[in-house]
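The values are calculated or read from the model by the stated rules, or taken from the named source; none is laboratory data. Bear in mind that the values here come from a model prediction, so they are computed numbers and not experimental data. Here the Cβ is made from the backbone with ideal geometry for all residues, glycine too, and neighbour counts use every protein chain on show.
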Amino acid sequence: MQHAPDPRVAVVVITRNGGHRLARTLDQLIELPERPRIVVVDNDSTDGTPELLRARYPHVRCIELGRNLAAAGRNVGVAAVEAPYVAFAEDDSWYLPGALRRTADVLDRHPAVALVNAHVLVGEDARPDPLHEDMVGPAVPDDPGLPGRRILSFLEGASIVRRDAYLAVGGFDAQLGPAGPEEHLAAELLSAGWDLRYVPEVVARHVPDHEEPAPEVRRLGLRNTLWFAWGRRRWRPALRWTVHVIHSSPPNRATVLGVLDALRGLPRVLLRRRPLPAPVERQMALLDDSKIRSRARSYGRERRPAQAVGITWRAPQARR
């Protein structure tokens, strides 16, 4: 059965030097039955990505930034669309047919939900992302009246947000760069009283073409994870996370520089420190043990494509 286009969801893609990947993603998004409006935010590419877009995809809006805002480039894209819901994609990720319509239905029916995280199939062999189990700890109390499972963070390139909620909390923090911005934004949404959901019926694909994140991204991921612990967690779990992150990171240059970066930013973090509301902190504490044991996250170590630095979905080498 043919469905009419669904104007409720727009798609914002961010890219940097991803022209060789972007065509596949855009072809998939353009063919979706929802026919979403697509905006590509180019984070100061030097590989001719904007020119490629204008030549091959004239109906896709390209916003060229004069500098690399990393994940915060999405803030520009979200502000440029009028749809009430915005799906995030990377230049190597997209959604399967029907996923955007299902998400819009969920967000229509449940006004307390600000974000829906898709079920991600990774690689050409479409294996489930190992971070799914990491996100949905069974210990976290849940509302049986809501779809899917409650989550306390999300995968940046496979989530759909309620536009008004995203803009109200300021979107992604430009100071964090490309590694681990999700837990910071998730904390803002949770602190504002919103619910975040992992809904397995909403499916996305992620087909990365790289094996390991760059050392610079691992460095930023470690720094951002420590900043989150020091700025948002209560002191006991913050100390526990600091010890865990440093102990679990290899003695390499990325680790040393990440810790030094975190320490240099410590005065600013403490000045802006805002501990999570007690209910949110209690929920995060319930996941601490499983996150510490997790094999799907790393602080400074080299990981395979679908894995993470800090709590980020993945750490692209050159695209942000």
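The set of residues from segment 164-215 being of a type outside the set (Ser, Thr, Tyr), buried (at least 17 other Cβ atoms within 10 Å of the Cβ) and assigned to a helix (DSSP H, G or I) comprises ALA165, LEU176, GLU182, GLU183, HIS184, LEU185, ALA186, ALA187, GLU188, LEU189, LEU190, PRO215. Across segment 81-107, the qualifying residues are those that are part of a strand (DSSP E or B) and touching a strand residue (DSSP E or B) at 6+ places or on another chain (Cβ under 6 Å), and the one among them that is farthest from ILE63 (Cα to Cα) is TYR95. For PRO279, the conditions (1) loosely packed, with under 14 Cβ neighbours inside 10 Å; (2) touching a residue at least 60 places away in the same chain (Cβ under 8 Å) are fulfilled apart from (2). When segment 152-163 is filtered for residues that are in a loop (DSSP other than H, G, I, E, B) and over 10 Å from the mean Cα position of the chain (by Cα), only LEU152 remains. Whether a residue is among the acidic types (Asp, Glu), within 22 Å of THR225 (Cβ to Cβ) and not assigned by TED's automatic domain parsing to the domain that holds TRP227 was assessed, and GLU183 passes this test.
Taken over segment 7-58, the criterion of being charged (D, E, K, R) and under 18 Å from HIS206 (Cα atoms) is satisfied by ARG16, ARG21, ARG24, ASP27, GLU31.
Just checking, does segment 254-265 include any residue being assigned to a loop (DSSP other than H, G, I, E, B), of a type outside the set (D, E, K, R) and in contact with a Gly (Cβ under 6 Å, 6 or more places away or on another chain)? The answer is no, given that none of the residues of segment 254-265 is assigned to a loop (DSSP other than H, G, I, E, B), of a type outside the set (D, E, K, R) and in contact with a Gly (Cβ under 6 Å, 6 or more places away or on another chain). May I ask you to verify whether THR255 is crowded, with 21+ Cβ neighbours inside 10 Å and in contact (Cβ under 8 Å) with a residue 60 or more places away in the chain? When the stated conditions are applied, THR255 does not pass them. How about segment 35-64: which of its residues are surrounded by fewer than 18 Cβ atoms within 10 Å (Cβ to Cβ) and either among the charged types (D, E, K, R) or within 20 Å of LEU167 (Cα to Cα) (or both)? Scanning segment 35-64 gives ARG35, ASP44, ASP47, GLU51, ARG54, ARG56, ARG61, ILE63, GLU64.
Only a single criterion out of (1) at pLDDT below 95; (2) under 28 Å from ASN17 (Cβ atoms) is not satisfied by SER159, namely (1).
Selection over segment 27-78 of residues that are farther than 13 Å from VAL13 by Cβ, touching a Lys or Arg at 6+ places or on another chain (Cβ under 9 Å) and assigned to a helix (DSSP H, G or I) gives a count of 1.
Listed here are the residues, each with its yes/no results for (1) crowded, with 16+ Cβ neighbours inside 10 Å; (2) in contact (Cβ under 8 Å) with a residue 12 or more places away in the chain.
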{"residue": "VAL11", "(1), (2)": "yes, yes"}
{"residue": "ASP27", "(1), (2)": "no, no"}
{"residue": "PRO33", "(1), (2)": "no, yes"}
{"residue": "GLY66", "(1), (2)": "no, yes"}
{"residue": "ALA80", "(1), (2)": "no, yes"}
{"residue": "ALA83", "(1), (2)": "yes, yes"}
{"residue": "ASP92", "(1), (2)": "yes, yes"}
{"residue": "ALA99", "(1), (2)": "yes, yes"}
